[in-house]
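First up is the structure itself, then whatever we jot down about it.
The values are calculated or read from the model by the stated rules, or taken from the named source; none is laboratory data. Just so we're clear, the structure is a prediction, and the values are computed from it rather than from any experiment. In this analysis, Cβ positions are derived from the backbone assuming ideal geometry, glycine residues included, and neighbour counts consider all displayed protein chains. Surface accessibility is based on the protein's heavy atoms, side chains included, excluding ligands, DNA and RNA. Shrake-Rupley method; radii C 1.70, N 1.55, O 1.52, S 1.80 Å.
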Amino acid sequence: MIRGALAAALTPLREDGNALDEDAFEPYARFLERGGIDTILALGTTGEGILLTPAERARVVELYVAAGLRVIAHCGAQTTRDTVALAAGAADAGAAAVAVIGPPYFQLDDDALLAHFEAAAEACEPLPFYVYEFARASGYAVPPVVLARLRERAPNLAGLKVSDTPYESFEAYLIEGLDVFVGPESFIDRGLAGGAVGAVSALASAFPEAVVEAVRSGSAEATGSVGELRLAVERFPRHAALKRIVARRGVPLREDVRAPLRGLTGGERAAVEELVP
């Protein structure tokens, strides 16, 4: 069973973000492991997944699995066809689980959204399947009634990764019988006390040990520390900032991000480096 602190992993890129930097996956995986992380969500929001081609996304899963990490592959895509293909491919590549966000842009009704999730869950069965709930990114929240119906149709539905804010929006998804992972670091202590089984953290991609401590202790103090650190990172273009931090911590990871995301200015880079102990 998947529990505890997970990193929402970065995706190493090169050539101004236009190609995977395959040589960086192994050292980055070792960095996460040294920080106490053995399971990642690959290709989520922090991993720039929605900006990569299906072939690149499949290759990222292969590279992380080959590096020895346990991988939850985010396979959400604009179409059900692509989502199903990515989910089936992740299962074949050795992923430990699959997660899918509601397709962005079109606000689907309950029946359409249920059919989408059901098809994705079936494609990766018997791997555990997680709904990735992030209303700000998808443009709408997954109605709880859809989750209730999905539990009846998808025996491999394991739970959710919930990134919604404020806490009242997050708390609505603490559903008995489903494993919930906290997305916002500032909710870790309350989420765990409310029944969440762990956290999937963007901050853990660059500061894994801090998030591991927050999840392990469940304390308000540790949660407050990682919450403040996340706010500090959010002052900058987040993806490039996290990659710069990882590089400053000794991993050969470039700042390159996939457009339309942007890199850091010189002044931003200097300020980001001040966050590294």
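Before moving on, here are some points about what is shown:
- The ratio of the alpha-carbon radius of gyration of segment 120-277 to the globular-protein estimate 2.2 N^0.38 Å is 1.15.
- When the P(r) of the chain is calculated, the portion above 32 Å amounts to 17% of the C-alpha pairs.
- Counting only alpha carbon atoms, the long axis of helix 208-217 and the longest principal axis of the chain meet at about 50°.
- For segment 178-277, the relative contact order is 22 percent, taking Cα pairs closer than 8 Å that sit 6 or more residues apart in sequence and dividing their mean separation by the residue count.
- About the Cα centre, charge dipole magnitude for the chain (Lys/Arg +1, Asp/Glu -1 at Cβ), debye: 420 debye
- Segment 1-120: relative contact order as a whole-number percent, Cα under 8 Å and 6+ apart: 22 percent
- Placing +1 on each Lys and Arg Cβ and -1 on each Asp and Glu Cβ, with no other charges, gives segment 91-184 a dipole about its Cα centre of roughly 160 debye.
- Between THR53 and SER217, the modelled labels are 4.6 nm apart [label points 7 Å from Cα along Cα→Cβ].
- Of GLY36, GLY218, GLY267, the residue with the greatest mean-square motion in the GNM of the chain, using alpha carbon springs below 10 Å, is GLY267.
- Segment 1-146: mean projected area of Cα convex hull, nm²: 8.6 nm²
- DSSP-assigned coil residues among GluC sites (Glu not before Pro) in segment 219-270, each with at most 15 further Cβ atoms within 10 Å: GLU234
- Selection from ALA196, PRO144, PRO260 lying farthest towards where the dipole of segment 128-260 points positive, charges on Cβ: PRO260
- Between helix 25-34 and the chain there is an angle of about 90 degrees, using the helix long axis and the longest principal axis of the Cα atoms.
- To put it simply, the accessible area of segment 167-254 at a 1.4 Å probe is 46 percent carbon and sulfur.
- Note on ASN156 and VAL276: the extension gain reaches 39.2 nm, defined as 0.36 nm multiplied by sequence separation minus the Cα-Cα distance.
- Fully extending the segment from ARG262 to ALA112, taken as 0.36 nm per residue of separation minus the present Cα-Cα distance, adds 50.6 nm.
- Helix axis angle, 238-248 relative to the chain longest principal axis, alpha carbon, degrees: 50 degrees
- Whole-number accessible area per residue in Å² for the chain, which is evaluated in the context of all protein chains at 1.4 Å: 41 Å²
- Between segment 220-262 and segment 9-54, the alpha-carbon center distance in angstrom: 13 Å
- Annotation for GLU209 and TYR140: the two label points, set 7 Å from Cα along the Cα-Cβ direction, are 4.5 nm apart.
- Label-point separation, ARG269 to ARG249 (7 Å along Cα→Cβ), nm: 2.0 nm
- Extension reserve of the ASP16-TYR105 stretch, reckoned as 0.36 nm per residue once the Cα distance is removed: 29.4 nm
- Average Cα contact separation per residue, segment 116-162, under 8 Å, 6 or more apart, as relative contact order %: 53 percent
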